[in-house]
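Read the structure below first, then the notes.
The values are calculated or read from the model by the stated rules, or taken from the named source; none is laboratory data. Only a predicted model underlies this, so the values are computations on that prediction, with no experimental measurement involved. Backbone-built Cβ (ideal geometry, glycine too); neighbour counts: all protein chains shown.
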Amino acid sequence: MVWEASLARNARDYAKGIDIAREGERPAALRIVLSGWAQKYKQLPDGRRQILALVLPGQACDLDLFTVARTDHSLAAVRRLTVAEIGRQEATALLRQCPNLAQLLCWGEIVTAAIQREWTINIGQRNAIERVAQLMCEIFARQQGIPAAGGGECDFLLTQWQLAEATGLTQVHVNRTVQELRRRCSVELRNLRLFIPDFAELADIAAFNANYLHLDETDLAVDRAAGLFGGIGRD
């Protein structure tokens, strides 16, 4: 199909830590993550950096191509990343040819904005253990949904340094917090995987409420996305 062919034709690989787009640049493409994770971030002149958002497979990095003259944040690969970079002319044509594409992209932006609001309260109001537990719950839920009972495992590609940049903590504080979560509810980070034996217990520590992810409202969007994205970039 047209969309799948466009993703495959425009796929590009990035190594860990490489910038895909930098703050202040003119948007050059509609970017869709095919495999791996991307991170949006801002950096102060002295080098301090804040991770603003994580973009997981199947998600658009942003719609800057259609909305702004220059980007207000940078985008980088968390680890090895494959992303489709679709130029303005082709992206505009695809929006005309794929009736569901605009709806999917807009829905994605709505959920992204909701996640951003949750990240704001996470850094502004939660303590260290709640912040890390919240982010773990979110990353798990975005990949696996909410388990009816027990827990499970999922990809977790962040280093402790990146986890610190995402939660506004120091690396030392994150290390201590991860150890405390391991002690309290047996959560483990191992080999780029997150293991949560009891999701409800971790969610209780974080005061996690998945409403902002709109998981129950995305069934139709997910079905349509599956048809659009197919198996491109998946292992």
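Taking segment 10-43 as the range and being of a type in the set (D, E, K, R) and either crowded, with 19+ Cβ neighbours inside 10 Å or out of contact with any strand residue (DSSP E or B) (no Cβ under 8 Å at 6 or more places or on another chain) (or both) as the test, the residues that pass are Glu25, Arg26, Arg31, Lys40.
Could you check, for segment 63-83, whether at least one of its residues is touching a His at 6+ places or on another chain (Cβ under 8 Å) and not basic (Lys, Arg)? No. Scoring Thr159 on the criteria (1) in the same structural domain as Trp37 (by TED's automatic domain parsing); (2) more than 23 Å from Ala210 (Cα to Cα) leaves a single failure, condition (1).
For segment 44-55, the condition holds for no residue, the condition being that it is crowded, with 18+ Cβ neighbours inside 10 Å and farther than 26 Å from Asn122 by Cα. If you go through segment 61-75 and pick out every residue that is surrounded by 20 or more Cβ atoms within 10 Å (Cβ to Cβ) and in a strand (DSSP E or B), you end up with 1. The strands (runs of 3 or more DSSP E) found wholly in segment 1-50 and carrying at least 3 residues that are under 28 Å from Thr170 (Cα atoms) occupy 19-21, 38-43.
Of all residues in segment 150-188, how many are outside any helix (DSSP H, G or I) and within 22 Å of the chain's Cα centre (by Cα)? Qualifying residue count for the region: 14.
If you filter segment 64-87 down to residues that are basic (Lys, Arg) and in contact with an Asp or Glu (Cβ under 9 Å, 6 or more places away or on another chain), you find that the one that is farthest from Gly24 (Cα to Cα) is Arg80.
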